[in-house]
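S.K.: Just passing along the structure, written as structure tokens.
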Amino acid sequence: MKHRLPSTVSEPAPVRWTLIGIALAFVIITLVLPLALVLSQALAGGVREFWGALAEPDAQAALRLTLTAAAIAVPANLVFGVCAAWSIAKFEFKGKQLLLTLIDLPFAVSPVISGLIYVLLFGLQGWFGPWLAAHDIKIIFAVPGIVLATVFVTFPFIARELIPVMQEQGTDEEEAAATLGAGGWQTFVRVTLPNIKWALLYGVVLCNARAMGEFGAVSVVSGHIRGMTNTLPLHVEILYNEYNAVAAFSVASLLMLLAIVTLVLKTWIEGRAHRQVGAPVMETVR
Amino acid sequence: MSILIDNVSKHFVGFRALSHVSLEIPTGGLVALLGPSGCGKTTLLRIVAGLDRQDSGRILFDGDDMSRIHTRDRRVGFVFQHYALFRHMTVFDNVAFGLTVRPRRLRPGADEINAKVCELLTLVQLEGLAQRYPSQLSGGQRQRVALARALAVNPKVLLLDEPFGALDARVRKELRRWLRQLHDELHVTSIFVTHDQDEALEVADTVVVMNAGRIEQIGSPVEVCEAPATPFVREFLGEVSLPRAEAATLVRLPAKTPSPEVFGRAAP
Amino acid sequence: MTQSLTGAPPLLSRAYFTRDAWRGRFRRDSVLPGFGLTLGFTVCYLSLIVLLPLSATVIKSTHFGVEAFWAAVSLPRVLAAYRVSFLCALVAALLNLVFGLLLAWVLTRYEFIGRRLVDALIDLPFALPTAVAGIALTALYAPKGWLGQTLTTWGIKVAFTPLGIVVALAFIGLPFVVRTVQPVLEGLDAGFEEAAATLGATRWQTFTRVILPTLLPALLTGFALAFARGLGEYGSVIFIAGNMPMKSEIVPLLIITKLEQYDYVGATAIAVAMLVISFVLLLVINLLQAWTRRAEQRR
């Protein structure tokens, strides 16, 4: 257990306080001010205008679409994450490293390009474009395209949280369960799942935050049709471009609330996971 | 239940772990697989359990070929080197696990499970600790929970992988004697793996000395010490003297012998 | 026929093609269930969602022919956009390097009121939707904004200039450096610094000659991550950038503009070029992280 640097050796107090001061100032300017500004602009027209902006039909539709996209993307990537983590962490096979790199690909792709690749696949000029048009199926500029783009950009989140944790925990407990007569599903539900629950929750929280907040990718596939193919972030953009600042910030404050809830949950989960004996550290950022 | 290991070989990428190993273990025997690290003893144990699969050869339990039988159907009790206790379950739930995963029609009722777990915990002298979590137990206590858990499913054979390797010397000595006594009570065919000569000679009826994937000698503790069959055995068992029956404090088992219903066989 | 060292059946013998032979060589046998099912699903899902669309894009770009590709990618406007994206991402990442290190240091080493709050806030750029960040930063730095006002009196224009892009990218990239450096700092043994002090080093010397080299792999990794993120960032940038072609237009915006003009060739070409750069960066980051991990283990 390493010990703290004694103050006899550490920087003198004035230096320390200067550094703390600069750091705090930086944090306030960079992080706190924007939050404060969103709130103040949202309420600039009074509470009634604030609620009005949120209750507006287009805003409501945008909210519904955002929730729908998240409600599909998160569970889908959850199932994927669990499957990928199980096969990667509990077994030895060739090509594992390649698989890991491929899973990380969406992180490396710019959001706009994440949307573009689906346009090139399902748009009118895309590979499946003519076939889709012939069968009157709309993917691009419609909800399915938005869902797909959301799934893509949030693809690795849950897998990346689960894989290191499951690797760290090894296979001993699952093997013990096998010798005791447990079947595959029983082993997973009763032995593995409780051990990974915090990492799972953590991944879901991050995945959800990104799914609801995604802008670039959705912007490309959306078509920006008010009331139909706009998610909350897109709706914010529209309002802002129409110089309707109060409405834009009001809707934005909803998204900001999401961010704050995400941060709170994240911190709480980190606290619980560390208190749980033998829980490895989770990585937020690669 | 007798075990026959018939000409078993196993390789991993780049090296041969087991080479044509044959071994017969009579019902109720207590056998030690003794050898240095890497000699293949743990691999052999895991193959008997069904956790790893042999490349060639057969494993027979009472004459039945187990090669195609999955580990969960082999009725083996396996005690892992690092216990592999389910960290999020209490001691009680750990021991009861094997009973609760049985298919519905074979599963005992809650009362029965309760009784059995309590009986086992008493047997391993951990009565008051049923609601503790593994992280709250000492190494020796965890090892006994692992043993109780393995015994709960009425195993036909008990397999222990370096059971006392992670414990300090004093606890090891105590648990060794305790294991011997337990075996004398229960008469479950048992195989344990160790690299510690003292342990093997003190506890086992039969010692199997292994080296580099092959069996060097099979014999009683007296035989391998006084009549080593190969230079390796002579060197490996070198300066060891046979443990004498010591009058030191023995870890006692409770006076009540386990009932047949609990262990599914007539008590001795 | 002799057995090879690994015990695999001889090449092309009848035994070579049995299922058991393949099983042994592709993966280690295990008693745990579900390998085929989970790996199968993983690969299918991965192919459908990620590999198929990406390959479609790359293949489509080859249809134009190399000449058309180069022509599309080397237009002055496109090159200018690359320049803007690169330089702004670079400057922002450097800013994050300095301030990220400072923040990580202060958070790990000092106790002060609100430390935990600040620690939690660091992840805000990660959690906040980019569009919200975009409009908030724009309003903040616009000439009439809270900060814009002061800056204008000093003669500095931030909003609607490349400087605005830098500010937005610095916001976005902040957590990367902090979160990569923090664990390394936390794991540092005080013994090294104490030894340096007993040997007569000043605090600054200890920092630059003992601590900084230890942090180097993590710093570089964080820098590369922030840079890579900044290159592709869209939502937080387009509001505050001037979006003027040749001056403050970033590559993602250019791609969207081309799409809106139905210039699929141009859009795809630029996108593929960006993809190549992103993947090279991903590779570099992987190597940096492996380096960081090895450095950690040696300690």
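The values are calculated or read from the model by the stated rules, or taken from the named source; none is laboratory data. Just so it is clear, the model here is predicted, and its values are computed rather than measured. Glycine also receives a Cβ, built like all others from the backbone with ideal geometry; neighbour counts cover every protein chain displayed.
S.K.: Do you know which of the residues in region B:49-71 that are touching a Ser or Thr at 6+ places or on another chain (Cβ under 9 Å) and of a type in the set (Asp, Glu) is surrounded by the fewest Cβ atoms within 10 Å (Cβ to Cβ)?
M.R.: Filtering region B:49-71 for residues that are touching a Ser or Thr at 6+ places or on another chain (Cβ under 9 Å) and of a type in the set (Asp, Glu), the one surrounded by the fewest Cβ atoms within 10 Å (Cβ to Cβ) comes out as B:Asp62.
S.K.: While we're looking at this one, here's another question. From A:Val27, A:Val9, grab the single residue that is within 11 Å of chain C (Cβ to nearest Cβ), not in a helix (DSSP H, G or I) and not small (Gly, Ala, Ser).
M.R.: A:Val9
S.K.: Working carefully through the options C:Ala142, C:Ala92, find the one that is crowded, with 24+ Cβ neighbours inside 10 Å and either more than 8 Å from chain A (Cβ to nearest Cβ) or more than 21 Å from the chain's Cα centre (by Cα) (or both).
M.R.: So the residue among C:Ala142, C:Ala92 that is crowded, with 24+ Cβ neighbours inside 10 Å and either more than 8 Å from chain A (Cβ to nearest Cβ) or more than 21 Å from the chain's Cα centre (by Cα) (or both) is C:Ala92.
S.K.: Right, something else. Being polar (S, T, N, Q) and surrounded by fewer than 21 Cβ atoms within 10 Å (Cβ to Cβ): is that true of B:Ser190 here?
M.R.: no
S.K.: Of the residues A:Leu124, A:Leu148, which single one is buried (at least 22 other Cβ atoms within 10 Å of the Cβ) and of a type outside the set (Phe, Trp, Tyr)? If you could, list the steps in order and put the result at the bottom.
M.R.: Working: A:Leu124 fails: buried (at least 22 other Cβ atoms within 10 Å of the Cβ).
Checking each option against the conditions leaves just A:Leu148.
S.K.: Considering each of C:Thr214, C:Thr221 in turn, give the residue that is over 23 Å from A:Val38 (Cβ atoms) and at pLDDT below 90. So that I can check it myself, show each step before the final result.
M.R.: Numbers: C:Thr221 fails: at pLDDT below 90.
Of the residues listed, the single one that is over 23 Å from A:Val38 (Cβ atoms) and at pLDDT below 90 is C:Thr214.
S.K.: Mind checking which pairs have a first residue in region A:163-181 that is more than 9 Å from chain B (Cβ to nearest Cβ) and a second that is small (Gly, Ala, Ser) and part of a helix (DSSP H, G or I), Cβ under 6 Å, 6 or more apart or different chains?
M.R.: A:Ile163/A:Ala85; A:Ile163/A:Ala89; A:Val165/A:Ala199; A:Met166/A:Ala85; A:Met166/A:Ala89; A:Gln167/A:Ala89
S.K.: State all residues of region A:154-164 that are crowded, with 24+ Cβ neighbours inside 10 Å and β-branched (Val, Ile, Thr); if no residue qualifies, say none.
M.R.: A:Thr154, A:Ile158
S.K.: Consider A:Thr68 carefully, then state whether it is within 23 Å of C:Ser278 (Cβ to Cβ) and surrounded by fewer than 18 Cβ atoms within 10 Å (Cβ to Cβ).
M.R.: For A:Thr68, the condition - within 23 Å of C:Ser278 (Cβ to Cβ) and surrounded by fewer than 18 Cβ atoms within 10 Å (Cβ to Cβ) - is not met.
Quick grid of which residues meet (1) under 25 Å from the mean Cα position of the chain (by Cα); (2) within 30 Å of A:Asn195 (Cβ to Cβ); (3) more than 11 Å from every other protein chain (Cβ to nearest Cβ):
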site: A:Ser110; (1), (2), (3): yes, no, no
site: A:Leu121; (1), (2), (3): yes, no, no
site: A:Leu124; (1), (2), (3): no, no, no
site: A:Trp127; (1), (2), (3): no, no, no
site: A:His135; (1), (2), (3): no, no, yes
site: A:Phe141; (1), (2), (3): yes, no, yes
site: A:Ile146; (1), (2), (3): yes, no, yes
site: A:Phe152; (1), (2), (3): yes, yes, no
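S.K.: Shifting gears a bit: Condition first: loosely packed, with under 14 Cβ neighbours inside 10 Å and modelled with pLDDT under 90. Can you find one or more residues in region B:72-81 that meet it?
M.R.: So far as region B:72-81 goes, yes, one or more of its residues are loosely packed, with under 14 Cβ neighbours inside 10 Å and modelled with pLDDT under 90.
S.K.: Do we have C:Ile172 as in contact (Cβ under 8 Å) with a residue 12 or more places away in the chain, closer than 30 Å to A:Asn241 by Cα and not basic (Lys, Arg) here?
M.R.: Yes, satisfied.
S.K.: Sticking with this structure for a sec: Which condition does B:Val117 not pass, out of (1) outside any loop (DSSP other than H, G, I, E, B); (2) in contact with a Pro (Cβ under 9 Å, 6 or more places away or on another chain); (3) within 14 Å of chain A (Cβ to nearest Cβ), if it passes all the others?
M.R.: For B:Val117, the exception is condition (2).
S.K.: Can you tell me which condition B:Gly57 does not meet? The list is (1) more than 14 Å from every other protein chain (Cβ to nearest Cβ); (2) modelled with pLDDT of 90 or more, and all the others hold.
M.R.: (1)
S.K.: Considering region A:182-199 alone, what residues qualify as being farther than 17 Å from A:Thr267 by Cβ, more than 8 Å from every other protein chain (Cβ to nearest Cβ) and aliphatic (A, V, I, L, M)?
M.R.: Matches in region A:182-199: A:Val189, A:Leu193, A:Ile196.
S.K.: Taking C:Arg203 as the residue in question, decide whether it is more than 23 Å from C:Tyr141 (Cβ to Cβ), within 10 Å of chain A (Cβ to nearest Cβ) and not acidic (Asp, Glu).
M.R.: So C:Arg203 fits the description; yes.
S.K.: Does region B:123-134 contain any residue that is within 14 Å of chain A (Cβ to nearest Cβ), free of Cβ contacts under 8 Å to residues at least 12 places away in the same chain and exposed (fewer than 14 other Cβ atoms within 10 Å of the Cβ)?
M.R.: Let us first name the residues in region B:123-134 that are within 14 Å of chain A (Cβ to nearest Cβ), namely B:132-134.
Those still in the list that are free of Cβ contacts under 8 Å to residues at least 12 places away in the same chain too: none.
There is no residue in region B:123-134 that is within 14 Å of chain A (Cβ to nearest Cβ), free of Cβ contacts under 8 Å to residues at least 12 places away in the same chain and exposed (fewer than 14 other Cβ atoms within 10 Å of the Cβ).
S.K.: C:Trp154 versus (1) closer than 24 Å to A:Val218 by Cα; (2) surrounded by fewer than 16 Cβ atoms within 10 Å (Cβ to Cβ); (3) away from every other protein chain (no Cβ under 13 Å): which is the lone unmet condition?
M.R.: (1)
S.K.: Name the single residue, out of those in region A:204-240 being among the hydrophobic types (A, V, I, L, M, F, W, C) and part of a loop (DSSP other than H, G, I, E, B), that is surrounded by the most Cβ atoms within 10 Å (Cβ to Cβ). Quick ask: steps written out before the conclusion?
M.R.: Taking region A:204-240 as the starting set, the residues that turn out to be among the hydrophobic types (A, V, I, L, M, F, W, C) are A:204-207, A:209, A:211-212, A:215, A:217-218, A:220-221, A:225, A:228, A:232, A:234, A:236, A:238-239.
Going one step further and asking which of them are part of a loop (DSSP other than H, G, I, E, B), we end up with A:215, A:225, A:228.
On the way: A:Phe215: 27, A:Ile225: 11, A:Met228: 15.
The residue in question is A:Phe215.
S.K.: Something else about it: I need the full set of residues from region B:36-54 which are within 13 Å of chain C (Cβ to nearest Cβ) and outside any helix (DSSP H, G or I), in order please.
M.R.: If the condition is that a residue be within 13 Å of chain C (Cβ to nearest Cβ) and outside any helix (DSSP H, G or I), then B:Gly50, B:Leu51, B:Asp52, B:Arg53, B:Gln54 are the ones that fit.
S.K.: Of everything in region B:9-31 that's assigned to a strand (DSSP E or B) and within 20 Å of the chain's Cα centre (by Cα), which residue is farthest from the other protein chains (Cβ to nearest Cβ)?
M.R.: My answer is B:Glu24.
S.K.: While we're here: Answer yes or no as to whether C:Arg77 is surrounded by fewer than 21 Cβ atoms within 10 Å (Cβ to Cβ), facing chain A (nearest Cβ under 9 Å) and of a type in the set (Lys, Arg).
M.R.: So C:Arg77 does not fit the description; no.
S.K.: Given the conditions (1) of a type outside the set (D, E, K, R); (2) surrounded by fewer than 19 Cβ atoms within 10 Å (Cβ to Cβ); (3) in contact with a helix residue (DSSP H, G or I) (Cβ under 6 Å, 6 or more places away or on another chain), report the number of the one that C:Asn286 does not fulfil.
M.R.: Failing condition for C:Asn286: (3).
S.K.: Exactly one condition in (1) at pLDDT below 95; (2) out of contact with any His (no Cβ under 8 Å at 6 or more places or on another chain); (3) in a helix (DSSP H, G or I) is false for A:Asn195; which is it?
M.R.: Only one criterion in (1) at pLDDT below 95; (2) out of contact with any His (no Cβ under 8 Å at 6 or more places or on another chain); (3) in a helix (DSSP H, G or I) is unmet by A:Asn195, namely (2).
S.K.: Find all pairs meeting these conditions: Cβ atoms under 6 angstrom apart; at least six residues apart or on different chains; first residue within region A:247-264 and at the interface with another protein chain (Cβ under 7 Å from one of its Cβ atoms) and farther than 10 Å from C:Leu128 by Cα; second residue among the aromatic types (Phe, Trp, Tyr) and in a helix (DSSP H, G or I).
M.R.: So the pair list comes out as A:Ala248/A:Tyr240.
S.K.: Among the residues of region C:101-117, how many are free of Cβ contacts under 8 Å to residues at least 12 places away in the same chain and part of a helix (DSSP H, G or I)? It would help to see each step written out before you state the result.
M.R.: If we filter region C:101-117 for residues that are free of Cβ contacts under 8 Å to residues at least 12 places away in the same chain, which is where we start, we get C:102, C:106, C:110-117.
Still in the list and also part of a helix (DSSP H, G or I): C:102, C:106, C:115-117.
The total comes to 5.
S.K.: Would you call A:Leu65 away from chain C (no Cβ under 13 Å) and touching a Phe, Trp or Tyr at 6+ places or on another chain (Cβ under 7 Å)?
M.R.: Details: away from chain C (no Cβ under 13 Å): yes; touching a Phe, Trp or Tyr at 6+ places or on another chain (Cβ under 7 Å): no.
Against the criterion (away from chain C (no Cβ under 13 Å) and touching a Phe, Trp or Tyr at 6+ places or on another chain (Cβ under 7 Å)), A:Leu65 does not qualify.
S.K.: May I ask you to verify whether A:Val47 is facing chain C (nearest Cβ under 9 Å), of a type in the set (A, V, I, L, M, F, W, C), exposed (fewer than 13 other Cβ atoms within 10 Å of the Cβ) and on the phi < 0 side of the Ramachandran plot?
M.R.: no
S.K.: Go through (1) more than 9 Å from every other protein chain (Cβ to nearest Cβ); (2) at pLDDT below 90 for C:Ala196 and report which single condition fails.
M.R.: The single condition C:Ala196 does not satisfy is (1).
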